[in-house]
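Notes to accompany the following structure.
The values are calculated or read from the model by the stated rules, or taken from the named source; none is laboratory data. This structure is a prediction, so every number in the text was calculated from the model and none was measured. Methodologically, a virtual Cβ is constructed for each residue, glycine included, from the backbone with ideal geometry; neighbour enumeration extends over all protein chains shown.
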């Protein structure tokens, strides 16, 4: 039999049932939302230089729509407000970024770091967004607070509260 130190048992074995899934979902939401927001703000602040050189590759009105989606959805993701609804346009933008947007090397004269991800980043964001769509925002979110206040209690015929819906 292997003699495992007590502190190691407590750290790895005894607390295995207590995961910090809500805290980890909060961290993932905040981190991804800030990165997504940063991308949208960077694109917004340099729109003139970008649209002048990439006019043939990307429609400027489409670029504005993408920036608005990135900024608004990122704020909703950070707050945990209508998270799953905000993830749908974000997923669409990442699919667009991976499949439709031109290769950064084709846009000569544009600061490529300013507007495009390195290859693979849209797929990484897409994976995170799909995970958040499936897992939900967690209990540390405005969605959870709203759901607590909007859930009706189920009452049986005798007037007893059965459970929360």
Residue within the range 134-141 that is in a helix (DSSP H, G or I) and modelled with pLDDT of 90 or more present: yes
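Okay, residues lined up against (1) in contact with a helix residue (DSSP H, G or I) (Cβ under 6 Å, 6 or more places away or on another chain); (2) part of a helix (DSSP H, G or I); (3) modelled with pLDDT of 95 or more:
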| position | (1), (2), (3) |
| --- | --- |
| 31 | no, yes, yes |
| 52 | no, yes, no |
| 63 | no, yes, no |
| 74 | yes, yes, yes |
| 86 | yes, yes, yes |
| 94 | yes, yes, no |
| 98 | yes, yes, no |
| 129 | yes, yes, yes |
Pair list, Cβ under 9 Å, 6 or more apart: the range 121-141 residue touching a residue at least 24 places away in the same chain (Cβ under 8 Å), other residue surrounded by 16 or more Cβ atoms within 10 Å (Cβ to Cβ) and part of a loop (DSSP other than H, G, I, E, B): 122/101; 125/117; 137/80; 137/81; 138/80; 140/80; 141/80; 141/81
Residue list for the range 107-127, restricted to those being part of a helix (DSSP H, G or I), modelled with pLDDT of 55 or more and farther than 11 Å from residue 87 by Cα: 121, 122, 123, 124, 127
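In the range 19-29, which residue that is more than 12 Å from residue 125 (Cβ to Cβ) and not in a loop (DSSP other than H, G, I, E, B) is nearest to the chain's Cα centre (by Cα)?
29
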